[in-house]
Structure formats: structure tokens, C-alpha cells
Amino acid sequence: MIKTDPNMLKVCVMGEGGVGKTTLANRIITGVFNPATKMTIGIDFHLFQMQILDPRKTDESLLPISLAIWDFGGEDRFRFMLPRFVKGANGGLLLFDLTRFSTTKYLKEWLSIWRENAEPQTPLYIVATKYDKVSIAAQEILESQLNELKKELNIQKHYFISSKSGYMIDNLIQDIACDMWLHKNNVKISLAE
């Protein structure tokens, strides 16, 4: 039997072309915004070493994590190869662009690829990108629209992020990494603990 590293986690970053998948991956890896990213051809892969608070402990114990980030090209012509790369994923980020709300219309297609190929109950978050470009007046409306979208797609967690400013990037990665680790290692945490 092959023994797998319980702290090696595979996260798939999915969504239409131009929604910010590669920019997000680069921001996670380097900590800086790169406005000159190029279109991903097929799939790109990054490895990121990080630490999360150990969810089994109440103190500040840290757990080292190796995060394998699979950045999927958003173009239709690459979709045929995605199902096999979703297999074995520990979590997923389903992105859309807040400045092009039309990018939500393809989320069901991405979700279908995910649900047909990922293990049941594997953590999946919906991520709204380019939050830095949204006016304060529009934020409340977008929150309402995103809550409706989450219900429609049956996804529990969401984040508004900005790869440019870094807004909520660390929170997103810490949260998904923790949920993926718990799911992979079949650890149940009681809120009473």
C-alpha cells in the first residue's frame, strides 16, 4: 500500500479565462501582485510551503502544509483534460470575476466537472475576484447576489478577494488548507472542544 503524506494537499483553481486564477496563484506563491500574467495553456502547477493552525489543538500549534496549486486554463479547448486532473484533489476554488458577472454563467459547467471527478464532500469554495475594482455602493448588492449563487450551486463557503491588494488572500488560503487537511485526514472537530 502506498503511503501518502497527510500534509500534502492538492487544490484546483478553476473558472473562466481572465477571472484571475493565475494572478491568484502567483499572489499566493510570491506574495506580490503581477499585472502581466499570461493565459494558462492547459494546466499550470505550483508548490507552496505554508503552515496552518493545527485544528486538533486549542493552542497556537502550527502544522506544516505542502500545497500543490493546480491552475486550470479557462478556455473551452482545455476542458477535455480537466476531469483527470480533478481526481485526487483535496479542495477546489471556483473563481468568477466581479467586474464581469457574466463569468458566473459557466460556474455550473465547472461545478459539474468538479462533482463528477472529485471525492464527495471535498471542500469547494466560490471565490469572487477583483474586489478592489468594486465600489462600496455595489458591495452589498454583490454580497446578496453571491449568497443566492451559493444556494443555487450548493456551495457552503465564499470569499471576496483581490489579488492586486491582497485582500482576504491569506484568509482564503488558511481556510481552504485547514478544511482540506481535515477532510483528507478524516478529522472531525467539535465546536464544543
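The values are calculated or read from the model by the stated rules, or taken from the named source; none is laboratory data. As the structure is a computational prediction, the values presented were derived from the model and not from experiment. Glycine also receives a Cβ, built like all others from the backbone with ideal geometry; neighbour counts cover every protein chain displayed.
General remarks:
- Evaluating Asn117 against the criteria (1) over 15 Å from the mean Cα position of the chain (by Cα); (2) more than 14 Å from Val11 (Cα to Cα); (3) surrounded by 17 or more Cβ atoms within 10 Å (Cβ to Cβ); (4) not aliphatic (A, V, I, L, M) leaves one unmet condition, (2).
- Enumeration of residues in the range 164-193 that are of a type in the set (Gly, Ala, Ser), within 25 Å of Thr30 (Cβ to Cβ) and more than 13 Å from the chain's Cα centre (by Cα): Ser165, Gly166
For (1) modelled with pLDDT of 80 or more; (2) out of contact with any strand residue (DSSP E or B) (no Cβ under 8 Å at 6 or more places or on another chain), each residue gets a yes or a no:
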| site | (1), (2) |
| --- | --- |
| Thr4 | no, yes |
| Leu9 | yes, no |
| Thr30 | yes, yes |
| Pro35 | no, yes |
| Asp44 | no, no |
| Phe48 | yes, no |
| Ala68 | yes, no |
| Phe80 | no, yes |
| Leu93 | yes, no |
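- Among the conditions (1) in contact with a Phe, Trp or Tyr (Cβ under 9 Å, 6 or more places away or on another chain); (2) crowded, with 20+ Cβ neighbours inside 10 Å, Ala177 misses just one, which is (1).
- Given (1) surrounded by fewer than 16 Cβ atoms within 10 Å (Cβ to Cβ); (2) touching a Gly at 6+ places or on another chain (Cβ under 8 Å), index of the condition Leu95 fails: (1)
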